Amino acid sequence: MTRLLPLLLLFGAASPQQSATPPAPQAPAQAAPAPTQDQGGLVVDVEGGISAPLPIAIPVMPTAAVQQTAAGSTDALGRQLSEIVTRDLRNSGLFTPLAPDKLRPVAFPEVTSPAYDYWGTSGAQALVQGYIKANGDGSLTVGCYLYDVSTKAELARKGFVVAPGDWRRAGHKCADAIYQRLTGEGPYFDTRVVYVSETGPKAHRTKRLAIMDQDGANHRFLTNGQSIVLTPRFSPSQQSIVYMSYIGDRPRIYVYDLGSGRQRLVVENASLTFAPRFSPDGRWILFSMAEGGNTDLYRVAAAGGKPQRLTVAPGIDTGGSYSPDGSRIVFESDRSGTQQLYVMNADGSDQQRISFGGGRFATPVWSPRGDLIAFTKIGGAFRIGVMSPSGGGEKLLTNSWQDEGPSWAPNGRVLAFFRSHQGGGGNADLWSVDLTGVNERKIPTPLDGSDPAWGPLRP
């Protein structure tokens, strides 16, 4: 189990201006939350902020004493932590971190007592300072403070005690705290993405399950590529992944356990099952099954059992995705003659079409906030778009040759998808875009990638 102990507001009740050095956090069970000084009104407009990103200074995190740890020396880790926070905030499109040559070193006692006069002349409106120290038990303590340069006010503070192998997560959580405080949006940096890693010629692609942090770090392959895999999706607990595989040349649904590396077949004796997804509570797996020339949506208990049929219309019903509360399902169907989007109750009742614009609609997925449904729009090109659950407010977010397979970040503001290259090679990359449609970012992967699924926030 990952060891990451949040120590929110556990740096003592004294104001940072009164402390010479950041005191060591108390044990979580003994600590009482201390109020932070939050007098600043600094806010990032998540719509207008794209055209005018907030200038922010993120100097290297100092250490009280340079010590060697299982993750490296504390001074090197301090540099890398500030780089992680910088990249996360820059990649959001809402912040412009100051260039490193504009950032002077910060002494350890300065972490809780910023040199506001200096930072006020730097052009930064916000300041992030932190520190790292090695603990006697081998763990690391990382502190993170956010300041409003103009009002000279502390806006937020967080601290984390982490195992050496989890030091990067402390950087992501620091960035999450800053992003959340300044934008009012939910966090999403301390997350993982599972996807299909691809290599080889178009007619003989090797497709493997792979998992990584949302910024591309800690990448590893889960399957060996001997069988094609498609459409991986996290369980709500993040302990397993459901996906389709052509093991034995039979397309069927499997669950991969991330702890043991074992996989199990979900539905026995089925000729063709595909497009699986967990319910929000993890109790059910929603999927499509082809029988007798018809393809319908089914659900089955996550532990296995007899599938329950949810749709009976002629044609192909697939791509099901639950609403956040699990009460409804959005799916695609060609029952009207072309691929369109429909919603229904979780038991299959009250099926209604919601897409009526030109073109075809595919791969719907319900936002974690419940307010939008993302989809692939097919009409000449393939584009990523969103609409309300009732079908109104359609908005296209991308405008490339072939973008498809959207997957929501846990804050419901950013989407991952894959973009295929023009030409006959079949190459594709992972990308993200936010709801403005302006901030697109290529997600780094060692090989080609497709079918991304963004996981929930890590505990």
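Points to keep in mind about this one:
- Every pair of residues 6+ apart whose Cβ atoms lie under 8 Å, when the first sits in the stretch 165-192 and is under 26 Å from Arg233 (Cβ atoms) while the second is surrounded by fewer than 21 Cβ atoms within 10 Å (Cβ to Cβ) and among the hydroxyl-bearing types (Ser, Thr, Tyr): Asp166/Thr2; Arg169/Thr2
- Failed item in (1) under 23 Å from the mean Cα position of the chain (by Cα); (2) surrounded by 23 or more Cβ atoms within 10 Å (Cβ to Cβ); (3) part of a strand (DSSP E or B); (4) in contact (Cβ under 8 Å) with a residue 60 or more places away in the chain, with Ala156 passing the rest: (2)
- Test: residue in the stretch 69-83 that is closer than 22 Å to Pro187 by Cβ, open to solvent by less than 50 Å² (accessible area, probe 1.4 Å) and not in a helix (DSSP H, G or I): no
This table checks each residue for (1) at pLDDT below 95; (2) closer than 24 Å to Asn439 by Cβ.
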{"residue": "Gly78", "(1), (2)": "no, no"}
{"residue": "Pro97", "(1), (2)": "no, yes"}
{"residue": "Arg104", "(1), (2)": "yes, no"}
{"residue": "Ser113", "(1), (2)": "no, no"}
{"residue": "Tyr147", "(1), (2)": "no, no"}
{"residue": "Ser150", "(1), (2)": "no, no"}
{"residue": "Glu154", "(1), (2)": "no, no"}
{"residue": "Gly159", "(1), (2)": "no, no"}
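- Among the residues making up the stretch 262-292, those that are open to solvent by 20 Å² or more (accessible area, probe 1.4 Å) and not in a strand (DSSP E or B) are Arg262, Glu268, Asn269, Ser271, Leu272, Pro280, Asp281, Gly282, Arg283, Gly292.
- Of all residues in the stretch 404-424, those satisfying the criterion of being farther than 23 Å from Tyr179 by Cβ and either of a type in the set (A, V, I, L, M) or under 18 Å from the mean Cα position of the chain (by Cα) (or both) are Glu404, Gly405, Phe418, Arg419.
Every residue, every condition in (1) under 26 Å from the mean Cα position of the chain (by Cα); (2) modelled with pLDDT of 95 or more; (3) among the aromatic types (Phe, Trp, Tyr); (4) surrounded by fewer than 23 Cβ atoms within 10 Å (Cβ to Cβ), yes or no:
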position	(1), (2), (3), (4)
Ala65	no, no, no, yes
Leu94	yes, yes, no, no
Pro100	no, no, no, yes
Gly123	no, yes, no, yes
Ala134	no, yes, no, yes
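- Criterion applied to Gly426, Gly449 was being buried (at least 23 other Cβ atoms within 10 Å of the Cβ) and over 18 Å from Leu397 (Cα atoms), and the one residue passing it is Gly449.
- Looking only at the stretch 222-245, and only at residues there that are aliphatic (A, V, I, L, M) and open to solvent by 30 Å² or more (accessible area, probe 1.4 Å), the one that is modelled with the highest pLDDT: Leu230
- Scanning the stretch 136-153 for residues that are in a strand (DSSP E or B), under 23 Å from Thr74 (Cα atoms) and in contact (Cβ under 8 Å) with a residue 60 or more places away in the chain returns Leu140, Thr141, Val142, Gly143, Tyr145.
- Among the strands (runs of 3 or more DSSP E) confined to the stretch 386-449, the ones with at least 1 residues that are among the aromatic types (Phe, Trp, Tyr) are located at 403-408, 414-420, 428-434.
Residue-by-condition table, conditions (1) farther than 24 Å from Pro452 by Cβ; (2) under 29 Å from the mean Cα position of the chain (by Cα); (3) surrounded by fewer than 22 Cβ atoms within 10 Å (Cβ to Cβ); (4) hydroxyl-bearing (Ser, Thr, Tyr):
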{"position": "Asp317", "(1), (2), (3), (4)": "no, yes, no, no"}
{"position": "Ser323", "(1), (2), (3), (4)": "no, yes, yes, yes"}
{"position": "Gly326", "(1), (2), (3), (4)": "no, yes, yes, no"}
{"position": "Ser336", "(1), (2), (3), (4)": "yes, no, yes, yes"}
{"position": "Asn345", "(1), (2), (3), (4)": "yes, yes, yes, no"}
{"position": "Gly348", "(1), (2), (3), (4)": "yes, no, yes, no"}
{"position": "Gly358", "(1), (2), (3), (4)": "yes, no, yes, no"}
{"position": "Ala362", "(1), (2), (3), (4)": "no, yes, yes, no"}
{"position": "Val365", "(1), (2), (3), (4)": "no, yes, no, no"}
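- In this entry, Gly370 is excluded by the filter for residues that are free of Cβ contacts under 8 Å to residues at least 40 places away in the same chain and either among the small types (Gly, Ala, Ser) or on the phi < 0 side of the Ramachandran plot (or both).
- The stretch 431-446 - residue that is over 21 Å from Arg208 (Cα atoms) and not hydroxyl-bearing (Ser, Thr, Tyr) and, of those, most open to solvent (accessible area, probe 1.4 Å): Val438
- Of the residues making up the stretch 182-212, those that are outside any strand (DSSP E or B) and either among the basic types (Lys, Arg) or within 25 Å of Glu47 (Cα to Cα) (or both) are Leu182, Thr183, Gly184, Glu185, Gly186, Pro187, Tyr188, Phe189, Asp190, Thr191, Lys202, Arg205.
The values are calculated or read from the model by the stated rules, or taken from the named source; none is laboratory data. Keep in mind that this is a model prediction, so the values were computed, not measured. As a convention, Cβ positions derive from the backbone with ideal geometry for all residues, glycine included, and neighbour counts pool all protein chains shown. Ligands, DNA and RNA are stripped out before the accessible areas are found, and what is left, the full protein with its side chains, is counted by its heavy atoms. Shrake-Rupley method; radii C 1.70, N 1.55, O 1.52, S 1.80 Å.
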